[in-house]
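S.K.: Below is the structure I would like to discuss, written out as structure tokens.
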Amino acid sequence: MSENNSESSNERLIYTSSTPNENKAKTKSSTSISAAQIKLPIFTAIALGVGLIFGARFFGGNDTSFSSSLVSFTDLKTEESASDQAKKMRQVLSYIEDYYVDTVNLTDMTDHAIKEMLSKLDPHTSYIPSKDVEIMNAQLEGDFEGIGVEFVLFEDTIQVIMPIPNSPSDKAGIEAGDRIIKVNETPVANVKIDNRKIFDLLRGKKNSKVKLTIFRPYQNKELTLTVERGTIPTSTVEVGYMLTPRTGYIKVSRFGMNTFKEFETQLSKLLRDGMEDLVLDLRGNPGGYMDQAVKMVDELLAGKEMIVYTDGKQKRFDSEEKAHRKGDFEKGAVVVLLDEGSASASEIVAGALQDNDRALIVGRRSFGKGLVQKPITLRDDSELRLTISRYYTPSGRSIQKPYSDTTDYSLEIMERYTNGELYHADSSKMNTETKYKTLHGRTVYGSGGIMPDIFIARDTSYFTPFIDSLYSKNIVRNWTSTYYNLNKEKFKEMQVKDFISTFEIDEKLENDFLKYAQSQKVELNNAEYQISRSFILNQIKASLAKLEWQYEGFYPVINQEDNEIKAALENLHKAEELKKYYLKEE
């Protein structure tokens, strides 16, 4: 969970001085290549691995005085014990430095030792070396400085998905589908390279310049472009639009520094468009800053109801967050979409709305991360992210899944695929013996994530070896970027609403796509293609829409084939019933 109270203070952990509620007392006694597109299991697992790092962001801000302040809350025996162990470590490092037969990198050894030590704690306490802190934090910050390009590392080549509109890369003439061959004079194609290296090469201070050598496939030529870096705004609320004349949709990809402001902007726009019901999509959202999640709930929740509370080893890490201000959407029906990739701050939002009977939860069981980390900057600017408390939903649920065996913990998401949980609700291994009650008496369960009110199986009806071949060779992205670039002027003359309602992949375009796939050694299996056809054509149209209108074009197209969106709309009447019950008790 990425939880962070953003107010400037050395002590950012205590939100209120109120005493823990009754539920808390009870709990303490009993508690111990495109995810949005093809959604293949292995891609989801990899994405979650990354998400746990970003998603385990923090409750409190960086606090360099934290280590020393801990001592005042610790008895002398513990302090001496920690000091003794530190002396032992210094001894060992000193002997290695002075006597070991070969030259060694003490920094690497220390980093490794710290990681091994922390692995004995919980899965979310972590250590980030100083060289990696910036890139790990970048996805949650408001803006960054660089060239502004969305890319994928495919077959040892940096392939541009799209330049960010009006960014330096866009103004310099970089196009979707371009391959970056050199950065300044450093070759970056067909060499061993990772995201860390790409980050170092492409990002830089505003107004600094970088020379890029690119290969443009549809023109079959190399180009050299000079890009002047600038400030690149990032968005965590990807889109807001009307699914129906009365139902709005907001997609939140993570909880960053400005998420609540972005959410407010989209909410206000949808209210002006006549929104009466809201579908809030938190699928695949690994978390982020806790205060942003709390503010989002407060926007939807009336009264002074509990949102989330924390319980730590030290009293100063105990806190409560309650609704306290009037939001702009406290009475409309709400449906929240969750899946196995929804973690941390996403679970705070879903848990608070479910426990207060404010929203209907649709989808699949969420990840199950209920531990709070505090970031502590160390002397060399590396960062310790230390678990300092657990958080609980209003009914007293800890949604943290078991982690006694860290190996099993890391494999648990894959087990959901193998045990059938993603396809059958009754295959869930969630502990249903631990029951809690919502504000108005519904039964909910804890310890293992948020269980949805309406289960929707993962859709694999379109999975075939043919579609696997298409994505393993990046066929859809390559073809759509070429087609878009050759027809760019036609797209620029269209309005997004006209594209969504009138543009079709006709027979000629479909055949062109299949011929291109065959030219890239993807053999056409017609029987398999017919199974996957509707999904593939929807992907092509959505990809074209994204290239011209970004997410404002992408989601209205891709969601037309989304079973969970369809289920949300079909079950709005249940959300309406919840709303009536909720408003009676206001």
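The values are calculated or read from the model by the stated rules, or taken from the named source; none is laboratory data. What you see is a predicted model, and the numbers here were worked out from it, not measured in a lab. With ideal geometry, Cβ positions are generated from the backbone for all residues, glycine too; neighbour counts draw on all protein chains shown.
S.K.: Which ones in region 425-446 are of a type outside the set (Lys, Arg) and assigned to a loop (DSSP other than H, G, I, E, B)?
M.R.: Within region 425-446, Ser428, Met430, Asn431, Thr432, Glu433, Thr434, Thr438, Leu439, His440, Gly441, Gly446 qualify.
S.K.: So if I check each of Glu155, Glu145, which one is exposed (fewer than 13 other Cβ atoms within 10 Å of the Cβ) and of a type outside the set (S, T, N, Q)?
M.R.: Matching residue, one of Glu155, Glu145: Glu155.
S.K.: Taking the criterion of being part of a strand (DSSP E or B), at pLDDT 95 or above, closer than 23 Å to Lys566 by Cβ and aliphatic (A, V, I, L, M), would at least one residue in region 252-267 satisfy it?
M.R.: yes
S.K.: Something else: Working only within region 252-263, note down all residues that are over 21 Å from Gln354 (Cβ atoms), crowded, with 17+ Cβ neighbours inside 10 Å and over 14 Å from the mean Cα position of the chain (by Cα).
M.R.: Asn258, Glu262
S.K.: Just give me the residues in region 393-424 being assigned to a helix (DSSP H, G or I) and either hydroxyl-bearing (Ser, Thr, Tyr) or within 17 Å of Ser342 (Cα to Cα) (or both), in sequence order. Give the derivation first.
M.R.: Initial filter on region 393-424 (assigned to a helix (DSSP H, G or I)): 406-418.
The answer is Thr406, Thr407, Tyr409, Ser410, Leu411, Glu412, Ile413, Met414, Glu415, Arg416, Tyr417, Thr418.
S.K.: Follow-up. Hey, among Ser501, Ser534, which residue is part of a helix (DSSP H, G or I), surrounded by 12 or more Cβ atoms within 10 Å (Cβ to Cβ) and not charged (D, E, K, R)?
M.R.: Within the list Ser501, Ser534, the selection yields Ser534.
S.K.: Got a sec? Which of Asp328, Asp339 is surrounded by 24 or more Cβ atoms within 10 Å (Cβ to Cβ) and closer than 20 Å to Asp281 by Cβ?
M.R.: It is Asp339.
S.K.: Suppose we keep only residues that are assigned to a loop (DSSP other than H, G, I, E, B) and more than 20 Å from the chain's Cα centre (by Cα) within region 233-251. Which one would you say is surrounded by the fewest Cβ atoms within 10 Å (Cβ to Cβ)? Even if it seems obvious, please write down each step before you answer.
M.R.: The first filter runs over region 233-251 and keeps only residues assigned to a loop (DSSP other than H, G, I, E, B), leaving 234-236, 243-246.
Within this subset, residues satisfying the condition of being more than 20 Å from the chain's Cα centre (by Cα) are 243-246.
Working: Leu243: 21, Thr244: 13, Pro245: 9, Arg246: 14.
Looking at the filtered set, the residue picked out is Pro245.
S.K.: So which residues in region 438-459 are over 22 Å from Asn285 (Cβ atoms) and not charged (D, E, K, R)?
M.R.: Answer for region 438-459, where residues must be over 22 Å from Asn285 (Cβ atoms) and not charged (D, E, K, R): Thr438, Leu439, His440, Gly441, Thr443.
Residues are listed down the side, and each one gets a yes or a no for (1) among the β-branched types (Val, Ile, Thr); (2) more than 20 Å from the chain's Cα centre (by Cα):
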| position | (1), (2) |
| --- | --- |
| Arg325 | no, yes |
| Asp339 | no, no |
| Ala345 | no, no |
| Val349 | yes, no |
| Asp355 | no, yes |
| Ile361 | yes, no |
| Thr377 | yes, yes |
| Leu386 | no, yes |
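S.K.: Please go through region 391-410 and give me each residue that is out of contact with any helix residue (DSSP H, G or I) (no Cβ under 9 Å at 6 or more places or on another chain) and either over 20 Å from Asp453 (Cα atoms) or of a type in the set (Ser, Thr, Tyr) (or both), ordered by number.
M.R.: Ser404, Asp405, Thr406, Thr407, Tyr409
S.K.: Could you say which residue among Gly368, Gly448, Gly441 is in the same structural domain as Glu320 (by TED's automatic domain parsing), of a type in the set (Gly, Ala, Ser) and either under 21 Å from Lys115 (Cβ atoms) or exposed (fewer than 15 other Cβ atoms within 10 Å of the Cβ) (or both)?
M.R.: Gly441
S.K.: Just the residues that are more than 20 Å from Lys574 (Cβ to Cβ), touching a strand residue (DSSP E or B) at 6+ places or on another chain (Cβ under 9 Å) and surrounded by fewer than 22 Cβ atoms within 10 Å (Cβ to Cβ), please, taken from region 271-286.
M.R.: The answer is Leu271, Asp273, Gly274.
S.K.: Could I ask something else about it? Name the single residue that is surrounded by the most Cβ atoms within 10 Å (Cβ to Cβ) among those in region 293-325 being of a type in the set (Gly, Ala, Ser) and not in a loop (DSSP other than H, G, I, E, B).
M.R.: Here the residue is Ala293.
S.K.: Can I ask one more? When you check Ile174 against the structure, is it crowded, with 21+ Cβ neighbours inside 10 Å and of a type outside the set (Asp, Glu), yes or no?
M.R.: In short, yes.
S.K.: Looking only at region 184-209, which residues are touching a strand residue (DSSP E or B) at 6+ places or on another chain (Cβ under 6 Å) and assigned to a strand (DSSP E or B)?
M.R.: The answer is Lys209, and nothing else.
S.K.: If we keep just the residues of region 123-177 that are farther than 24 Å from Phe255 by Cα and assigned to a strand (DSSP E or B), which is nearest to the chain's Cα centre (by Cα)?
M.R.: Leu153
S.K.: Give just the number: which of (1) touching a helix residue (DSSP H, G or I) at 6+ places or on another chain (Cβ under 7 Å); (2) outside any strand (DSSP E or B); (3) under 30 Å from Pro129 (Cβ atoms); (4) modelled with pLDDT of 90 or more does Ile376 not satisfy?
M.R.: Result: Ile376 fails condition (2) only.
S.K.: For Leu225, are the conditions met, namely being among the aliphatic types (A, V, I, L, M), assigned to a strand (DSSP E or B) and within 16 Å of Ala345 (Cα to Cα)? Steps first, please.
M.R.: On the way: among the aliphatic types (A, V, I, L, M): yes; assigned to a strand (DSSP E or B): yes; within 16 Å of Ala345 (Cα to Cα): no.
So Leu225 does not fit the description; no.
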